[in-house]
Every structure is written in structure tokens, then in C-alpha cells.
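A short write-up of the structure that comes next.
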Amino acid sequence: MRLPDKAREFHDQTLPTQAHKVAHFCSMKITQDVRDYAKSHGIGDVKVAVTEGMKEKAQEFVEQGAEIYKEA
């Protein structure tokens, strides 16, 4: 079993519901998202990837109306 799979298995065993297992703010997911972003943008330095990704997300936030809580 690969280390990421083992880590996910352990992570999932410690959480009470499926919703917790797929939480968007899980540190494992965020770390993987940063790695994927860096790879897809040809960025070798994780700090640069985080900085560029945050700039991109900030622009997206502004373009969508800069509202934290949106009505459904």
C-alpha cells in the first residue's frame, strides 16, 4: 500500500462521518491540491505555487462578488 493511501485510510478511520472524510479544508487535501497546482503550472517551488495559487483565488473571489456568505 502506498503511503498516501495508508495515510488516507488512517485519516478516514479517525473521523465519524463521510462528510468529515471529504472535508474541503482537510490538511491532506490542501497539501495535495498545492502539489497538483504546482505540477500543472510547472512550478517547482511550493512557496511560489502557494503564492500564485492564492493570487488566482483572490481574483476569483473578487470576480464572484467578494462575498463570504452567499445565499443559496
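Take the conditions part of a loop (DSSP other than H, G, I, E, B) and at pLDDT below 80 and apply them to PRO4. Does it pass? So PRO4 does not fit the description; no.
If you go through region 28-63, how many residues are among the aliphatic types (A, V, I, L, M) and under 14 Å from the mean Cα position of the chain (by Cα)?
At the first step, the residues of region 28-63 found to be among the aliphatic types (A, V, I, L, M) are 28, 30, 34, 38, 43, 46, 48-50, 54, 58, 62.
Within this subset, residues satisfying the condition of being under 14 Å from the mean Cα position of the chain (by Cα) are 28, 30, 34, 38, 46, 49-50, 54.
Residues meeting the conditions: 8.
The values are calculated or read from the model by the stated rules, or taken from the named source; none is laboratory data. This structure is a prediction, so every number in the text was calculated from the model and none was measured.
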